[in-house]
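Everything below concerns the one structure shown next.
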Amino acid sequence: MEITASAPGKAILFGEHAVVYGKPAIAVAVDRKAYVTLKKREDKRVHVKINDLNLSGFLDLEKSEVKVENLNKKPEKKGILNYILSAVLKVQKGALQGMDIEIDLEIPIGAGLGSSAAITVATIAAVSKFNRMELSKDEIAEHAHNVELEVQGAASHIDTTLSTYGGMIYLSKNAEDIKPIKISGNLPLVVGYTEERGNTGELVESVKLKKETYPEAVNPILNAIESVTDDAVDALLEKDEKRIGELMNINHGLLDALGVNTGDLSRMAYTARRAGALGSKITGAGGGGSIIAYCPGKVEEVIKSIKKMDKAFNAALSVDGVKVKVKK
């Protein structure tokens with residue numbers, strides 16, 4: 001028996017950084033996925049191979065340890081194995097069965113696109129199915145969030161919710177609840193990304209320091225991001241293309257003012273606009289990583305333009321969330 005589970009990545013449309021201070025945010029599941037394929041082994045060992053990272057190793061479930069077989073040129077990427085270990089332990093019931101876990105990614109690691117959440121959700125879905133557990137999506141999402149808490153120490157529900165359920169969500173003020181935003185049709189989105197990666201913790205800390213040092217300047221910026229996010233909900237529901245684009249551009253400028261922009265991110269954002277995007281902005285923590293562009297009728301042109309110097313893909317809305325297929 002072969003089991004394959006897939007789960008989408010995510011992009012934040014509005015509200016990053018401000019969400020840390022109790023402001024709302026809007027995020028969307030993108031149709032670029034993590035695929036986790038699972039097969040039974042003859043022995044009792046659990047082996048993991050992540051093809052895109054040239055990374056593999058064994059999981060010692062009894063000792064809760066990862067034993068890496070090989071390290072590629074980016075050894076910091078081995079941390080992703082800790083998510084897989086924690087995910088397997090969450091749904092490991094009864095006597096241990098050996099398994100081979102193979103992972104394929106359509107999402108770049110560390111680019112602010114929810115790769116760890118997608119891998120975690122897909123791993124929980126595949127391993128639970130392998131162990132003949134019938135988990136609901138609610139249970140998968142809860143397990144996945146707990147994995148991120150264990151591995152990272154702190155985590156929002158945004159990434160794991162979107163990887164599990166798909167669609168678009170509004171995280172309300174003070175994170176009191178997550179509400180789906182149901183729109184008709186697709187969203188013409190493009191993600192551009194660079195090899196440069198920002199450190200989320202350091203970037204969040206830098207904004208916190210600015211807020212403490214210049215509260216009269218920074219607090220109005222955070223309030224403005226909140227206003228942009230709430231206006232964007234109406235614009236998205238009304239499919240007001242011009243307004244969506246303008247609000248994204250304003251949000252980008254506000255993030256720039258917080259100091260999380262880079263030359264590469266700005267270059268991609270303005271390249272997208274010159275190619276016809278109505279709006280473009282940083283998505284995620286900044287400091288490197290990714291931008292997202294809103295491109296009605298101009299998706300291919302924007303992708304082509306960004307690819308002249310960076311990488312880009314069509315980030316169509318993923319409405320399904322996690323899926324599991326069994327091949328006998």
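The values are calculated or read from the model by the stated rules, or taken from the named source; none is laboratory data. None of these values were measured; they are calculated from a predicted model. Cβ placement follows ideal geometry from the backbone for every residue including glycine, while neighbour counts extend to all protein chains displayed.
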Strands (runs of 3 or more DSSP E) (entirely within segment 143-215) containing at least 2 residues that are buried (at least 21 other Cβ atoms within 10 Å of the Cβ) and touching a helix residue (DSSP H, G or I) at 6+ places or on another chain (Cβ under 9 Å):
168-171, 189-193
Can you confirm whether segment 294-304 contains a residue that is surrounded by fewer than 22 Cβ atoms within 10 Å (Cβ to Cβ), of a type in the set (K, R) and out of contact with any strand residue (DSSP E or B) (no Cβ under 7 Å at 6 or more places or on another chain)?
yes
With I80, I101, I124 as the choices, which residue is in contact (Cβ under 8 Å) with a residue 12 or more places away in the chain, among the β-branched types (V, I, T) and within 30 Å of K281 (Cα to Cα)?
I80
Restrict the check to segment 303-310 and report whether at least one residue is touching a residue at least 40 places away in the same chain (Cβ under 8 Å) and of a type in the set (G, A, S).
no
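Rundown of residues vs (1) touching a His at 6+ places or on another chain (Cβ under 9 Å); (2) within 30 Å of T4 (Cα to Cα); (3) in a strand (DSSP E or B); (4) modelled with pLDDT under 95, yes/no style:
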| site | (1), (2), (3), (4) |
| --- | --- |
| V218 | no, no, no, no |
| S227 | no, no, no, no |
| H252 | no, no, no, no |
| A272 | no, no, no, no |
| A285 | yes, no, no, yes |
| I292 | no, yes, yes, no |
| V302 | no, no, no, no |
| V324 | no, yes, yes, no |
